[in-house]
1. Using the 7 Å Cα-to-Cβ label point, sort the distances from B:Asp308 to its equivalents in the other copies shortest first and give them in nm to one decimal.
2. Can you check what the net charge comes to around B:Met269, using other residues whose Cβ is under 9 Å from the Cβ of B:Met269 (Lys, Arg +1; Asp, Glu -1)?
3. How far is A:Gln326 from itself in the other copies, in nm, if each label sits 7 Å out from Cα along the Cα-Cβ line, shortest first?
4. Count, for each residue of A:45-58, the Cβ atoms from other chains sitting within 10 Å of its Cβ, then give me the mean as a whole number.
5. In percent, what relative contact order does the stretch B:128-186 have, based on Cα pairs under 8 Å that are 6 or more apart in sequence?
6. For chain B, what is the calculated [θ] at 222 nm in deg cm²/dmol (nearest 500), taking -39500 (n - 2.57) for each run of four or more DSSP H residues and dividing by its residue count?
7. Sequence gap at least 6, Cα distance under 8 Å: using those rules, report the relative contact order of the stretch B:71-306 to the nearest whole percent.
8. Considering every residue in B:102-112, what mean count of other chain Cβ atoms within 10 Å of its Cβ is obtained?
2 protein chains.
Amino acid sequence: MIQAQNEELLERAQKVVPNGMYGHLSVKMQSPRTPQYYKRAKGAYLWDYDDQQYIDYLCAFGPNLFGYAHEEIDAAYIEQLREIDTATGPSARMVELAEGYAEQVTHNDWTMFCKNGTDATTMALMTARAHRGKRKILLATGAYHGATKWCTPMPEGTLPEDRAHHIYYEYNNAESLRAAVEEAGDDLAGIFATPFKHEVIFPQLLPDEEYARAARQLCDEKDALLILDDVRAGFRVDRDCSWQKLGIQPDLSSWGKTLANGHALSCLMGSDRAREAAGKIFVTGSFWFGAAAMAAGLKTLELIKSTDYIERTVMLGDRLRDGLNQVSANTGVEIDQTGPSQMPLIMINDDEGNRNMPGCVAFCDALLDHGVLFHPFHNMFITPAMSEADIDRTVEACDEVAKQFHSLTMLEFSL
Amino acid sequence: MIQAQNEELLERAQKVVPNGMYGHLSVKMQSPRTPQYYKRAKGAYLWDYDDQQYIDYLCAFGPNLFGYAHEEIDAAYIEQLREIDTATGPSARMVELAEGYAEQVTHNDWTMFCKNGTDATTMALMTARAHRGKRKILLATGAYHGATKWCTPMPEGTLPEDRAHHIYYEYNNAESLRAAVEEAGDDLAGIFATPFKHEVIFPQLLPDEEYARAARQLCDEKDALLILDDVRAGFRVDRDCSWQKLGIQPDLSSWGKTLANGHALSCLMGSDRAREAAGKIFVTGSFWFGAAAMAAGLKTLELIKSTDYIERTVMLGDRLRDGLNQVSANTGVEIDQTGPSQMPLIMINDDEGNRNMPGCVAFCDALLDHGVLFHPFHNMFITPAMSEADIDRTVEACDEVAKQFHSLTMLEFSL
């Protein structure tokens, strides 16, 4: 694997970007040879600067819903760009897209657009506090709700006060949630929940119905707002809010990633119960009302409604899951697969069922030579742009790597 | 002035967006007939849905640096979009743009890209705290540094803890700044400053050199970081950081708005002194590394370096200022003009020199009939896409409105 161009870019970046790269796209937490830069993206594939091609299971960590450089979606973006984009007011696209979401998402009576997933979770938190002037926010321990002062998973640069009046509970544990509500007393503003447990490294867990029902009921009892953070899973597990199948409607839901297939767009959706509070907070951004991303959002919504993309990603995800189970059975390498088929977390466990992190890193590193891009400890994403042949080739690559697994050099992160 | 289409959109929006609109683009704080929606933008002009054309002095509140729908910049965006945009890693455009800023901006040794101006100011605050683990942040009273939990100008949905360890000082007052530094004691993390005083309603003030030098010196003495918030003024008052002409280099500067001429891009720039701290904070966003906005940023930077856009906007701004002074002299209507010529705040004062807010609103409202879009209390922006004829037409329109000023119905906001 030649990486001359990637190395050259890394050296240049080291001079002009702190540590050469930062945030979730930094490959310092991936296998050592993972390319940091890509020069082309199309459908399910990426090409690095040394002209290696990869089937990309990271999908930009979520945004790539229908395939990279999607012709219809990008055409809608470009057509709108020629008319009006960021300007002194929004265009009609904003109204049309908010109407589209009101029709598509059961709990949605209104939408506020923004640019980052973190904007949407922050607006949810502020709206919950504005609702009745109460302060306590309940969050599941370890849950990721973005990366700014109040929610970044790393403490550097933050203060304890940034998380004032946060109370933590255990995901999927109704008793733990009730105890947290008890602790909040008369000061409960809202309860945050991800639609399923999708933290890094830990096995992904689908939501427990009792827990989800308790969250809804407790918010009703306490006049607090239930916030579903659908930034990562939204429109991947359902064409509606991700708790729709459980019959649980949140008051607020935060969305991002998939909304415009990679164009920068996120939003807070809410029900009428939360409308007045949402109307009181002052939040905004220079580019939040750009019409081009909204035009791409409208086209993406059309595809969400009119194609079998969820069924196809579930089918492809199941094909991958079945194939890897077979690889595991063939080779004795324990491949642990959790979460929805279309958002799998795939990790190597040791014989006692614990995470084999150096093994995960080594496994991903070896897969690069087969043109397969896996993440060692973050959930991945299936796109309908993948073909059955892509999945089969991935399973074959995993089989070859698994066969040699015990002769691979185990790898630490190259931090 | 026909507004049937605008009204219809407003009615539809009222159902699916809290209050129909929110944030700085809401026209509730402008004159009652200001259109909320625009369907086309080109150069210096906007068209509303009722086909009225306006010379737009709001310039999207800053992003419109070289004119709307700029052909070269948008072509660079589209060309990059076809190759790769938001993906599993950044493209070489990120490295090239960070190198470009390191060359262009004197204090810049590194750049971290993001999407909102607020992201950049938040990253600056976190970096200042990560620098030496100190907590106190000094801010000028009333200065706008974005609209999220810790900085939004409205308190709804926020807690006092969101502004823990903030200390406020008076802009341009070195004594007030020294007193705030004294109050911070051994806990001073950083000092925020806007390059000039550009709050709404109040007269804009250019920076006092003694104040700026004191800010630099105090940060040096206390091992704290000086943060210049150049989100609104960056690349409008200088081709470098906005305090370059004063010879004052900040440690951190936040940028947004103009960087890619309306495409969503912002960044934190920093000097080597702040590099280690910046490398410690964990901040990120789903779309922060999209290559298309960076390609547009590279083209914008090329135009910043190669054209006379600043000199031209100063010339056009002076022409407007001189014209309005003449209008004021002719008509006796006191038109108060403050700030840099290319970022004027233009307001109507009463005979005692106080803001005549109902007069400002009435003045802007009457200008709409002449196809001129002014803001009643926010600074405005000149774009080089304006022509001398546009400025002259604006002055004529202001002259006509000023002549009838005392017969106009004074207007309150339509909140």
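1. So the distances to the same position in the other copies read 6.4 nm.
2. Details: positive: none; negative: B:Asp109, B:Asp230.
Charge balance near B:Met269 sits at -2.
3. Values, ascending and in nm: 8.4.
4. Numbers: counts 0, 4, 2, 1, 2, 0, 0, 0, 0, 1, 0, 3, 1, 3.
The shielding value for this peptide is 1.
5. Details: 54 pairs, mean separation 20.3, N = 59.
Computed over the stretch B:128-186, the figure is 34 percent.
6. Numbers: 11 runs with 151 residues, N = 415.
Result for chain B, helices only: -11500 deg cm²/dmol.
7. Details: 457 pairs, mean separation 78.8, N = 236.
Over the stretch B:71-306, the number comes to 33 percent.
8. Values: counts 3, 1, 0, 0, 0, 0, 1, 3, 8, 3, 5.
Neighbouring Cβ atoms belonging to other protein chains average 2 per residue here.
Bear in mind these aren't lab numbers, they're just calculated from the coordinates by the rules spelled out. The shown structure was predicted, so the numbers you read here are calculated from the model rather than taken from an experiment. No Cβ is skipped: glycine too gets one built from the backbone with ideal geometry, and neighbour counts run over all protein chains shown.
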